[in-house]
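What follows is a short report on a single structure.
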Amino acid sequence: MVGSLSLRIVVGSALALALSLVIAPVAPEYYLHLANNLIIFAVLALGLDLLMGWAGQFALAHPAFFAIGCYGTALLNLKLGVPFVIAMPVSAVLAGLLGLLVGIPATRMRNIYLSLATFAFAESMRWVLNSWDSLTGGPNGIRISPFNLFGYGIINDIDAFPVIVLLFLMILAATIYLTTSRFSREMLAIRESEHVALASGVDVTQVKLKVFAISAVYAGLAGGMFALTHSFTNPDQFGFATSIVVLSMIVVGGMGSIAGVLIGVVIIGLLPEVLRGALKSIQIWQELIYGVILIAAMMFAPKGVWGVLRELWLKTSRTTGDLGKPAGQFEQDGANP
Amino acid sequence: MDALLQSVASGVVTGSIYALVALSLVIIFKSTEVVNFGGGDVAMVGAYVGLFAIVFLELPYPYAFALAAVGLFVMGIAFEWGVLRTVVGGVDPSRVLISLVIATLGLSYVLRGAVRLFNYTDEVRRLPTFFRAPPIFLGPVILQYQDIIIVGISCALMAILYVFFQHTLFGKGLRATSMNAKAAQLIGIPTGAMRLFAWGIACALAAIAGVLIGSKLPMTPDFGSQVVLLAFAAAIIGGFSSLPGCIVGGILLGVVQNLVGLFVSSSATALAPFLVIMVVLIVRPQGLFGGRVAIKKV
């Protein structure tokens with residue numbers, strides 16, 4: 001582990017955390033609220049990217065695990081008095097187990113059927129949330145009581161911000177570790193061709209199951225973070241619309257790279273704010289603009305904004321390789337050849 | 001027993017509409033391997049175009065159908081030509097599918113957003129019934145004229161499609177393209193034109209289905225997402241690559257939905273399509289009519 005996490009990263013994280021502690025009391029609460037939401041979506045997006053961008057599995061079950069993380073944390077606290085530091089990991093593990101369960105039939109399915117089956121699963125989960133009134137409060141949702149962190153109450157976005165940042169940094173570190181390990185190469189091999197991967201000695205089924213589970217854990221953690229920063233939730237949060245938002249974040253930003261995903265989160269996450277800030281009359285165009293952005297991204301930047309940036313960098317880099325051509329043209333990046 | 005028969009009958013009616021949208025999805029999938037997540041919203045736009053024709057242009061019903069079908073035929077072709085061809089050109093073929101699917105998601109948002117621009121769509125609307133007539137009594141079952149016409153139009157469309165695909169050169173060309181695009185190209189079939197036409201036909205089909213839906217259910221700009229889900233379920237039951245499968249799948253789904261509503265509870269009807277999708281994909285992924293699940297040769 002020490003090999004992949006350089007000193008730079010550790011120091012950088014510590015600085016970021018310190019910064020968040022300093023910023024929190026002075027920044028306007030709305031911005032902190034935005035930042036918290038962006039970070040939650042970043043966790044969701046990183047998880048989905050592992051599954052879709054790295055392992056190439058087009059699976060849309062994410063909202064179900066998000067829901068388990070959120071409802072799980074909230075209900076464990078509400079009904080059994082479990083503190084947040086235990087409730088969140090427990091719900092995340094539960095989400096991971098469910099992800100494993102979903103993975104078992106999913107490893108046998110190809111692209112399109114996989115997406116439809118996992119979509120059906122996510123919608124079934126939402127139906128369960130809507131119907132199991134006694135546990136989940138049905139369509140009316142549940143009020144989440146504020147959590148206590150080691151005796152320190154988290155009542156608003158200001159209190160939550162440093163905690164969210166800390167959690168995010170840990171998750172980011174884990175992601176960096178995952179994406180530079182041998183596991184990441186196995187995922188890429190599966191993405192490119194399952195048969196070749198199998199022939200090369202990759203245990204395709206095992207890797208797929210692990211990715212499903214890990215991706216679900218990410219969503220579960222995001223759910224726990226959501227419970228920390230919101231005082232109310234209901235099943236509508238966990239529907240197909242959320243799937244599409246997270247999907248567009250990773251696609252517009254750039255699948256298969258952490259930087260790309262984070263760029264996508266910022267772009268798509270801040271889009272409603274930008275549109276809201278513009279003319280009032282623009283609001284009615286929101287959906288239309290969103291659709292146009294998706295289409296334009298697919299037409300002109302299929303590898304995402306990060307892909308575009310990297311192409312620009314490769315083209316303008318002046319170093320030449322053995323054959324007299326710019327070295328960039330022969331460079332094979334692990335994530336996006 | 002009466003309730004059972006009534007459920008089955010109305011299930012057949014709604015099922016035939018699902019079948020039409022499912023046909024739209026499968027035609028596109030077979031010809032281009034793209035899953036059109038925007039299929040339901042195409043139907044929705046078709047319904048609103050029909051509404052526009054009847055309310056504002058005061059055209060009689062058949063013209064409303066024609067206008068919706070032609071309008072969305074053109075839109076389908078424009079989308080494949082303007083958007084999808086660019087998407088396909090930009091990425092290496094192994095990873096183009098996900099980009100295409102997201103483009104169809106974008107289409108669904110664009111269609112919804114465009115429809116919402118008109119204030120007229122803020123209220124829930126309904127298309128008028130085809131013509132007012134007393135219901136027909138078939139034993140214990142009560143059938144509205146409306147329903148009979150819906151089933152009639154669906155059957156007529158399916159018959160037309162059958163003749164088109166089996167007996168016309170163009171239709172055979174489309175089938176050839178969907179079986180093996182490279183081989184079709186080698187024979188001289190213009191696969192590019194075939195893709196355009198497939199999108200056009202599929203969108204026209206969805207538009208007509210939309211008008212039919214609009215005459216039966218309340219219309220809002222959001223009904224596309226519900227419709228597309230049921231259409232997917234229908235297509236999956238029938239086997240995603242089989243046209244007759246869609247029809248059987250659609251009618252089965254409609255009937256099963258109503259039976260679930262009758263015997264279990266009305267809230268369970270929403271769950272039925274999801275369960276159906278998951279069960280079929282796990283137990284028999286090729287659906288009722290698909291062939292053996294084969295690995296595509298590289």
By how many degrees, between 0 and 90 and to the nearest 10, does the Cα long axis of helix B:191-216 differ from the longest principal axis of chain B?
10
Can you tell me the length gained on complete extension of the stretch B:Ala78 to B:Asp122, counting 0.36 nm per residue apart and subtracting the Cα distance?
13.1 nm
Average beta-carbon neighbours from other chains, 10 Å sphere, peptide B:262-271:
2
Which of the peptides B:261-269, A:142-150 is most tightly packed, and how do the rest follow, going by the mean number of other Cβ atoms within 10 Å of each residue?
A:142-150, B:261-269
Filter the DSSP H helices in chain A by two things, a Kyte-Doolittle mean of at least 1.6 and an axial alpha-carbon span of 15 angstrom or more, and list the hits by number.
A:7-26, A:84-106, A:157-179, A:240-253, A:258-277, A:286-300
Could you work out the Kirkwood radius for the protein assembly as shown, taking every pair of different alpha carbons, averaging 1/r and inverting it, reported in Å?
26.1
Shape of segment B:206-298, Cα gyration tensor, a/c cut at 1.5:
oblate
Quick check of the Kirkwood formula: for segment B:89-239, what is the inverse mean of 1/r over all pairs of different Cα atoms, in Å?
18.7
For A:Glu273 paired with B:Ser267, estimate the spin-label separation in nm (one decimal), with each label point 7 Å from Cα along the Cα-to-Cβ line.
3.7
Residue with peak Gaussian network fluctuation, chain B [Cα springs, cutoff 10 Å], from B:Met278, B:Met44, B:Met219
B:Met278
Once both label points are put 7 Å beyond Cα along the C-beta direction, the A:Gln206-A:Ser231 separation in nm becomes 5.0
Mind giving me the nanometre distance, one decimal, between the label points for A:Thr180 and B:Ala133, set 7 Å out from Cα along Cα→Cβ?
7.5
What do the square roots of 5 times the Cα gyration tensor eigenvalues come to for chain A, in whole Å, largest first, as semi-axes of the equivalent ellipsoid?
32, 25, 22
Out of the GluC sites (Glu not before Pro) in segment B:50-154, which ones are loop residues according to DSSP with at most 11 other C-beta atoms within 10 Å?
B:Glu58, B:Glu123
Which is the longest run of chain B containing none of the trypsin sites (Lys or Arg not before Pro) found in DSSP loop states (not H, G, I, E, B) with at most 15 other C-beta atoms within 10 Å?
B:133-291
For peptide B:108-116, the mean count of other chain Cβ atoms within 10 Å per residue Cβ is 6
Summing -39500 (n - 2.57) over every DSSP H run of at least 4 residues in chain A and dividing by its residue count gives a helix-only mean residue ellipticity at 222 nm, to the nearest 500 deg cm²/dmol, of -23500 deg cm²/dmol
Rounded to the nearest 10 degrees, the helix B:272-283 long axis (Cα) sits at an angle to the longest Cα principal axis of chain B of 40
Among rounded, prolate and oblate, which fits segment A:68-198 when a ≥ b ≥ c are the square roots of the eigenvalues of its C-alpha gyration tensor, a/c under 1.5 means rounded, and a/b larger than b/c means prolate?
oblate
Quick one: of A:Lys303/B:Lys30; B:Lys30/B:Lys216; A:Lys208/A:Lys315; A:Lys210/A:Lys315, which pairs are farther than 31 Å apart, Cα to Cα?
A:Lys208/A:Lys315; A:Lys210/A:Lys315
For segment B:50-127, state which chymotrypsin sites (Phe, Trp or Tyr not before Pro) are in a DSSP loop and have at most 16 other beta carbons lying within 10 Å of their beta carbon.
B:Phe56, B:Phe118
Among B:Pro244, B:Pro134, B:Pro62: highest mean-square fluctuation, GNM of chain B, C-alpha pairs under 10 Å:
B:Pro134
Given the Cα-Cα distance of A:Phe300 and A:Leu97 and 0.36 nm per residue of separation, how much length would full extension add, in nm?
69.2 nm
By how many degrees, 0 to 90 and rounded to 10, does the Cα axis of helix B:2-32 deviate from the longest principal axis of chain B?
20
Please give the Cα centre distance for segment B:185-264 versus segment A:146-204, rounded to the nearest Å.
38
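Coordinate-derived values only; no laboratory data. Everything numeric here is computed off the predicted structure, so don't read it as measured data. Ideal geometry is used to build each Cβ from the backbone, glycine not excepted, and the neighbour counts take in all protein chains shown.
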